[in-house]
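Quick notes on the structure that follows.
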Amino acid sequence: MSPHLRIESPGLGVSIQDRGRLGHRRIGVPRSGALDPLRLAAANGLAGNPADAAALEITLAGPLLQAVGGPIRVALGGPLDAVLEAADGTRCPVPAWSTATLHDGDRLRVGAPRGVGYLAVAGGLRTPPQLGSRATYA
């Protein structure tokens with residue numbers, strides 16, 4: 001099994017976003033996409049992804065994620081902090097605009113952003129694209 005993140009708690013106002021769906025308004029599909037494309041691009045850059053790759057957009061309360069089969073590198077973009085809870089019980093802060101590597105069993109507790117923040121995963125999110133985008137439209 002390949003390394004992945006297990007969602008232990010989804011947070012509030014957390015969605016998957018990328019650059020959005022372009023060219024489908026004529027059939028009634030809105031663009032959607034990231035609220036702050038520059039922060040999305042920055043988080044993806046820190047994670048080593050293309051600027052428009054899908055990431056978690058966090059608006060109200062962050063998720064609690066666990067690494068399964070790690071290591072998994074994540075990056076925080078925007079006014080967003082997190083705490084890495086290692087499998088051995090140690091805890092360390094993950095400040096905004098930084099990266100962290102989670103190993104098997106480690107948990108990442110993402111706090112509430114002061115605005116909108118992004119959590120990018122190195123290698124991207126494996127969700128199926130719909131009409132050329134992985135963006136959530138609520």
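Summary table
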read-out	value
Acute angle (nearest 10 degrees) that the helix 37-47 long axis makes with the longest principal axis of the chain, alpha-carbon atoms	40
Debye, to nearest 20: dipole size of the chain, +1 on Lys, Arg Cβ, -1 on Asp, Glu Cβ	560
Accessible surface of the stretch 36-137 [probe 1.4 Å, protein heavy atoms]: carbon and sulfur percent	58
Amide proton proximity set for Val14, modelled H, under 5 Å, gap of 5+	Thr59
Relative contact order for the chain, counting Cα pairs under 8 Å that sit 6 or more residues apart, in percent	32
Tensor-based shape of the stretch 42-90 (alpha-carbon gyration tensor, a/c under 1.5 rounded, otherwise prolate or oblate)	oblate
Inverse mean reciprocal Cα-Cα distance (Kirkwood Rh) of the chain, Å	14.9
Distance cut-off 15 Å, percentage of C-alpha pairs in the stretch 67-119 lying past it	40
GNM result for the chain, Cα springs below 10 Å: residue of Leu102, Leu76, Leu60 fluctuating most strongly	Leu60
3J(HN,Hα) from dihedral phi, the stretch 100-115, Karplus parametrisation 6.51/-1.76/1.60, rounded to Hz, x for glycine, proline	8, 10, 9, 9, 3, x, 5, 10, 10, 9, 8, x, 6, x, 9, x
Rounded to whole Hz, the Karplus (6.51, -1.76, 1.60) HN-Hα couplings of the stretch 62-77, x for glycine and proline	x, x, 10, 10, 10, 7, 10, x, x, x, 9, 9, 10, 9, 9, x
Fluctuation leader among Pro71, Pro128, Pro50 - the chain, Gaussian network, Cα springs under 10 angstrom	Pro128
Computed over the stretch 1-52: relative contact order in percent, which uses C-alpha pairs under 8 Å that are six or more apart	24
Amide hydrogen neighbours beyond the local backbone of Val94, cut-off 5 Å, H modeled	Ala82, Val83, Leu84
Cα-based Rg / Dmax (Å) for the stretch 4-76	13.8, 43
Per residue, in Å², the accessible surface of the stretch 15-110 once ligands and nucleic acids are set aside, probe 1.4 Å	46
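The values are calculated or read from the model by the stated rules, or taken from the named source; none is laboratory data. Remember, predicted model here, so these are calculated numbers, not experimental data. Cβ: placed from backbone, ideal geometry, glycine included. Neighbour counts: every protein chain shown. Ligands, DNA and RNA are excluded from the accessible area calculation, which covers all protein heavy atoms including side chains. Shrake-Rupley method; radii C 1.70, N 1.55, O 1.52, S 1.80 Å.
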